[in-house]
Every structure is written in structure tokens, then in C-alpha cells.
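Trainee: Could you have a look at this structure, given as C-alpha cells, before my questions?
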Amino acid sequence: MEAAARTRLLDRLREVVGDRYTLADPYEIRLYQYDSSPETALPDLVVIPASAAEVAAVVKICAEEGCPLVSRAGATGLAGGTVPVFGGVVLAFSRMDRVLELDYENLRAVVEPGLVNLALSNATRPRGYYYVPDPSSQGASTIGGNVATNAGGPHTLLYGVTVNHVTGLELALPSGELVEVGGGRAAETTGYDLTGLVVGSEGTMAVVTKVWVKLTAVPPQSKTLMAIYPDVRSAGNAVSAVVGSGILPAAIEMMDNISIRAIEAAVHAGYPTDAGAVLLLEVDGLPDVVQQLTERMVAICRQHGATEVRVAKDEAERQALWRGRKGAFSAMGRISTDFYVMDGVVPRTRLPELLDQIERISQRSGYRIANVFHAGDGNVHPLVLFDAFQPGQYEEVLKIGDEILKLCADAGGSITGEHGIGLEKRENMRYIFSEDDLAVMDQVRRVFDPDRRMNPGKLFPTDGAEPPRIHAVRGQRAAARGSITGEEPWI
Ligand SMILES: Cc1cc2nc3c(=O)[nH]c(=O)nc-3n(C[C@H](O)[C@H](O)[C@H](O)COP(=O)(O)OP(=O)(O)OC[C@H]3O[C@@H](n4cnc5c(N)ncnc54)[C@H](O)[C@@H]3O)c2cc1C
């Protein structure tokens, strides 16, 4: 951005959000160049608005100045979604973190987009309600970021992902106009599902300024069991067997031996370090039903190769099992300086085959690959362990990630199960979409954002052309990245 244009923009933005919350100092804006993915890019300016009206005014100024705009919330995104690769203004939501309304009679909450996911359940739990989508980053990621990426989590197997729990949105359109879409409190809406369209659009259509979400009653009982397997293949087969039996647990998570050892070193969750893989399965409901389903699941797991099945005997043991799973990414810092996490999805029945293929890639390449994932959804998160200070390793693990995504696409799956496309996978979109598909998506996007100024360089392939400001961080440390989960997860 030219110096004169930047100064003019800075002056105008300061009038809206004040000097303190308009950042232009090179040291301050460096904090906004990254998210939790390996690549970075510097913005020209950062604004931290306090209200939807301020957001709308900022968006309008950016429209008038023809300036790119990137929304940034908790910055836990793993696909580079908040990285401002065309520069411009980063709009940070750290001050817009309030619960605006709790309406238990209509089972709704209205929140600002910067509210940390877990804070909503913490606020409603005393009344017996919670917000279901529970990404493992829920102690740091926000409702607005979850909306933009359509986040999933362990318990979205039974209850659905973010889009199934968002009933309405207030948006600042790229023109600066504030609009509401969706039904808010109503059970059903008519007409186009614009809420569903914007959820998962990764900030490329509009800026989310307010969110209406569903509240759900905390189940009367939840039981968690850990099934222990000699290898990932038998654990993968057991996942299909459980679901194929007609039981849909609230969650089915898998961790392989590498992950188990890392987790035990960090969290002491009670996982067996000599197991090839463990499954965590959870059922919710009335106590009698939970008991029956638990017994059936124990039997199915045993029939399908489990050497042992342990049912958490009390809430403390259950919480420990989940603490292990939710702290898994952070735990990788115990066994590797760096990791690169992939996110793909395949039809559940193809999981064993995919895990075999990943193991073969690991043996061929010499890189250890840990697997910890929402197995019930067929959603895989291979973590390729490497040392970023060794020349060439970063480039090699990127290629491995690419190869795994291609395998997912070829197996009839997709290139993201929940982390989104962002910067990282924009070229991989061609693995699953034709040129016609992409052209239609671009047309829809341009109904909202004709100039493609909202989060440019994301989601759509750029034909291999690197966006102007991209910078790969080859020294990102696994431990540092993992630590951002912050608070203890609530399960
Ligand atoms: C340890 C760890 C575990 C994770 N586990 C999971 C998991 O289980 N499930 C899962 O789905 N993800 C997971 N993630 C990924 C990440 O937490 C999610 O993608 C999350 O939804 C991002 O939220 P955020 O608030 O950090 O958003 P950010 O990273 O700040 O932004 C993400 C995207 O949303 C856009 N955006 C943010 N706010 C707005 C807004 N107000 N309006 C419009 N666009 C906006 C940004 O431009 C960007 O494209 C994990 C990440 C980490 C580091």
C-alpha cells in the first residue's frame, strides 16, 4: 500500500475506533501476521473495534479506499485463513467477546463473534445447558471463527457441526451495510438459507458481527469408554462396526501409538502406552439407555479386536480421558520439535485403508506420522513430525500433506473435514471440484463481494501464483503452537 494511501486510511480508521485500537506500529502489527499455520504475512494496519457499528464503519471505509480486509478472531486456524497475504486491514475481534443474551425458553443465545467457544458453555452450564460444537481448540477459538470455518469437534458426530447450531447471523457486508440473515429464534425459516451459505465461507463473503446459536440441555448422563487395540487397522474396523450396528455414539475418537505416548508424557490421561491404538467412545442420554448402549459397544469393540475395554468409572476418570484427547496436538511438543497437521475426510469404511496408506508414506519417507482424529466422522488428522531447522524438511512434509489429501479425495472424501481451506489448501480445491464448480462458487461469492476484497487469496485456487506477501515460517515450534489451547476443555 502506498504511504499516502496508508496514512489517509489510518486517519479515517482512527476516527472510528480511536488511536488506541488502530495499530500501525511495525512491532504491534507483527503480532497479527500469523495464525496457527506455518505461513505469515504482514498487514498494513490492524483495527480492534468494540461494536458492530464500528465494524460496519471500518468495512465501509475499506470499501471506499479499495483496501483488502481480513477478519481475525482467536487465530487458532490451521489453514492460514487469517494470514493477510494481500496486506490491507486486519479486523481483530478480541474486544467483541460478550454474551449478549441467554434465552433459555427458546434455547437460544446471542453472542458477539469474538466470544471464546468454551465461555458460552461455561456461562450456561449452571442452568443445565451448553453449546454443542466443541473443537479441541475450544479454550481459545471463538464462535465467530468457528462460524467462518464451520468448525467440528469430538461431539459433533451425533449432534452436527457448527452450521447445525447457528440459527442466524448479523453481517457487515463488504459495502459496510449491516444486515441480519436467518431466523434467530424461530424454529424454521423460509427462503434461501443465507446463514448456511455464510457459515464456512471463511470471511470471503462478509464480516460476522453477531451470532444466534442453539443452546442444548446437558444430557442426564454421559459414559465414556476406552477400547484398546493392537493396531490402527483393527480400531478403524471397530469404528465402522459400532456405527453399522445402529448405535450412533456422541463421539468416537482414535489415537495411534505415537499420539498415545505423546499424550501420556504430557497429560497422564491413563492411556496404555503399549497399545497400537485406542478409541474413545461416548454415549449420552437417560441412564438406562446409556447403560444398554455402553454394554453393546463394549461387546462390539471386543468382537472387533479390542484387547481390553475400560469404562470410565467416574466423572474424574472420564474427564482425564478427554483431557488426553483434547490436549493431543499440544502434547506433540513432547516428542517432536515441529509437526504439520493435515485435515482430510473419507467415508468411514475407508479409514482402515487410508491409515495403511499413511503408514506406508511414513515408512517410505522416514517421517513419523501420528494420527489423532474424529474417527466417527471419517475425519483424519495425520500429524507429520519433523525438524524445521533441518533444511528441506518443511518442503518435504508439505508434499506429504498434499499426497494425503489426494488419497482422501480419491477415496471419495474431501480435502478438509473441519479446519477449512484457507491459504493452505486453495490449490487442492481442484482435487474435488471442477473448473465449473469453482466458477459457480466464485459467482456466489461475488454476489456478496464483487471486488474479492474480503480475505483475498483464500479458498480459491490461484493457479500456483503465490500471493504477494506470503512468507513461510520454517521454524514454527510444535510446543509453542500446542500451548494455545489455554483453558481446560469442558466435556
Ligand atoms: C490445538 C488445536 C485444536 C484444534 N481442534 C479443532 C477441532 O477439533 N475442530 C475444528 O474444527 N478445528 C480445530 N482447530 C482449528 C481452529 O481452532 C478452528 O478452525 C477454529 O474455528 C478457528 O477459530 P478462531 O477463532 O481461532 O478463528 P481464526 O483462526 O482467527 O479465523 C479462522 C477463519 O475465520 C475467519 N473469521 C474469523 N472471525 C470472523 C468474523 N467475525 N467474520 C468473518 N470471518 C471471520 C478468518 O478470516 C479465518 O478465515 C484446532 C486448532 C488448534 C490449534
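Trainee: Given the DSSP H assignment, sum -39500 (n - 2.57) over each helix run of at least 4 residues in the chain and divide by its residue total; what's the result at 222 nm in deg cm²/dmol, nearest 500?
Mentor: Numbers: 16 runs with 167 residues, N = 491.
The helix-only estimate for the chain comes to -10000 deg cm²/dmol at 222 nm.
Trainee: Also, I was wondering about something else. I'd like the Karplus ³J(HN,Hα) series for the stretch 378-383: coefficients 6.51, -1.76, 1.60, θ = phi - 60°, whole numbers in Hz, and an x wherever there's a Gly or Pro.
Mentor: x, 9, 9, 10, x, 10
Trainee: Let me ask something additional. At a temperature of 4 °C and a viscosity of 1.567 mPa s, determine how fast the stretch 99-217 diffuses translationally according to Stokes-Einstein, using the Kirkwood radius over alpha-carbon pairs as Rh; express D in µm²/s, rounded to the nearest whole number. Present the calculation step by step, with values, prior to reporting the outcome.
Mentor: On the way: Rh = 14.1 Å.
The calculation lands on 92 µm²/s.
Trainee: Once you put a point 7 Å from the Cα of Ala53 and another 7 Å from the Cα of Leu158, both along the Cβ direction, what distance in nm separates them?
Mentor: Placing both labels 7 Å along Cα→Cβ, they lie 4.5 nm apart.
Trainee: Let me ask something else. Between Gly168 and residues 5 or more places away or on another chain, which pairs have amide H atoms under 5 Å apart, with H built 1.01 Å from N, and which residues are they?
Mentor: Correct list: Gly184, Trp212.
Trainee: Another one. Taking Rh as the Kirkwood radius, which is the inverse of the mean 1/r over Cα pairs, what is the Rg/Rh value for the chain? Could you put the intermediate results ahead of the total?
Mentor: On the way: Rg = 22.3 Å, Rh = 23.1 Å.
Here Rg/Rh amounts to 0.96.
Trainee: Tell me, what HN-Hα J-couplings in whole Hz come from the Karplus equation 6.51 cos²θ - 1.76 cosθ + 1.60 at θ = phi - 60° for each residue of the stretch 453-467, using x for Gly and Pro?
Mentor: So the J values, rounded to whole Hz, are 8, 7, 6, x, x, 10, 6, 9, x, 10, 6, x, 6, 6, x.
Trainee: Do the alpha carbons of any pairs in Lys210/Lys425; Lys223/Lys326; Lys214/Lys458; Lys210/Lys326 sit beyond 22 Å of each other, and which pairs? Mind dumping the intermediate values first?
Mentor: Working: Lys210/Lys425 28 Å; Lys223/Lys326 17 Å; Lys214/Lys458 29 Å; Lys210/Lys326 27 Å.
Long pairs (Cα-Cα over 22 Å): Lys210/Lys425; Lys214/Lys458; Lys210/Lys326.
Trainee: Just grab the label-to-label distance for Glu315 and Glu395, each label 7 Å out from Cα along the Cβ direction, in nm (one decimal).
Mentor: 5.4 nm
Trainee: Compute the accessible area per residue over the chain, keeping the other protein chains in place, probe 1.4 Å, unit Å².
Mentor: Details: 19260 Å² over 491 residues.
It amounts to 39 Å² per residue over the chain.
Trainee: Given a cut-off of under 8 Å on Cα pairs at least six residues apart, what relative contact order in percent is computed for the chain? Walk me through the intermediate numbers first.
Mentor: Details: 1101 pairs, mean separation 85.0, N = 491.
Computed value for the chain: 17 percent relative contact order.
Trainee: Then there is this: Under a 5 Å amide H to amide H cut-off, with H placed in plane at 1.01 Å, what residues pair with Glu308 once short-range neighbours are removed?
Mentor: HN-HN under 5 Å from Glu308: Ile228.
Trainee: Size of the stretch 385-473 along its principal axes in angstrom, Cα-based, largest extent first?
Mentor: If we take the Cα atoms of the stretch 385-473, the spans are 45, 34, 22 Å.
Trainee: Ranked highest first by average number of other Cβ atoms within 10 Å, how do 211-220, 47-56 line up? Walk me through the numbers on the way to the answer.
Mentor: Details: 211-220: 18.6, 47-56: 20.9.
Order by mean packing, descending: 47-56, 211-220.
Trainee: Probe radius 1.4 Å, ligands and nucleic acids ignored: give me the carbon and sulfur share of the accessible area of the stretch 336-420 as a rounded percent.
Mentor: Working: 1490 of 3040 Å².
For the stretch 336-420, the apolar C and S fraction of the accessible surface comes to 49 percent.
Trainee: Please report the equivalent ellipsoid semi-axes of the stretch 171-260, computed as sqrt(5 x eigenvalue) of the Cα gyration tensor, largest first, in whole Å. Write out the running numbers ahead of the final one.
Mentor: On the way: eigenvalues 321, 68, 34 Å².
After diagonalising the Cα gyration tensor, the semi-axes are 40, 18, 13 Å.
Trainee: Continuing with this model, one more query. Taking the chain as a whole, which cysteines find no other cysteine Cβ under 4.7 angstrom from their Cβ?
Mentor: Lone cysteines by the Cβ rule: Cys301, Cys408.
Trainee: Per 10 Å bin, what percent of the C-alpha pairs of the stretch 336-420 does each bin hold, from zero upward?
Mentor: Taking every Cα pair in the stretch 336-420, the percentages come to 19, 55, 23, 3.
Trainee: Using only Cα atoms, find the angle between the long axis of helix 232-244 and the longest principal axis of the chain, and express it within 0 to 90 degrees, rounded to the nearest 10.
Mentor: The two axes meet at around 90 degrees.
Trainee: So how much slack lies between Arg364 and Asp274, counting 0.36 nm per residue of separation and subtracting their Cα-Cα distance, in nm? Write out the running numbers ahead of the final one.
Mentor: Details: separation 90, 0.36 × 90 = 32.40 nm, distance 2.37 nm.
Taking Arg364 through Asp274 to full extension adds about 30.0 nm, to one decimal.
Trainee: Under a crude label model (7 Å from the Cα following the beta-carbon direction), how far is Asp19 from Glu105 in nanometres?
Mentor: About 4.8 nm, to one decimal.
Trainee: Determine the gain in length on full extension of the stretch Thr7-Thr189; use 0.36 nm per residue of separation and subtract their C-alpha separation, reporting nm with one decimal. If you can, show how the numbers build up before the last one.
Mentor: Working: separation 182, 0.36 × 182 = 65.52 nm, distance 4.49 nm.
Result for the pair: 61.0 nm of gain on full extension.
Trainee: Would you be so kind as to identify which of Met332, Asn117, Val90 lies farthest towards the positive end of the dipole of the chain, taking Lys and Arg as +1 and Asp and Glu as -1 on Cβ and the Cα centre as origin?
Mentor: Working it through, the farthest residue towards the positive pole turns out to be Met332.
Trainee: Something else: Convert each backbone phi in the stretch 404-415 into a coupling constant with the Karplus relation 6.51 cos²θ - 1.76 cosθ + 1.60 (shift: θ = phi - 60°), then list the ³J(HN,Hα) values in order as whole Hz, x for Gly and Pro.
Mentor: Working through the residues one at a time gives 5, 5, 5, 4, 4, 4, 5, 7, x, x, 9, 8 Hz.
Trainee: Just the accessible area for Thr149, please: 1.4 Å probe, Å², rounded to the nearest 10?
Mentor: 50 Å²
Trainee: What is the mean projected area of the alpha carbon convex hull for the stretch 221-329, to one decimal in square nanometres? Mind showing how you got there, number by number?
Mentor: Numbers: hull surface 23.8 nm².
With every direction weighted equally, the projected area is 6.0 nm².
The values are calculated or read from the model by the stated rules, or taken from the named source; none is laboratory data. Just so it is clear, the structure is predicted and the values come from calculations on it, not from any experiment. So basically every Cβ, Gly included, is an ideal-geometry build from the backbone, and we count neighbours across all protein chains shown. Note: accessible area is taken over every heavy atom of the protein model, side chains too, but ligands, DNA and RNA are not part of it. Shrake-Rupley method; radii C 1.70, N 1.55, O 1.52, S 1.80 Å.
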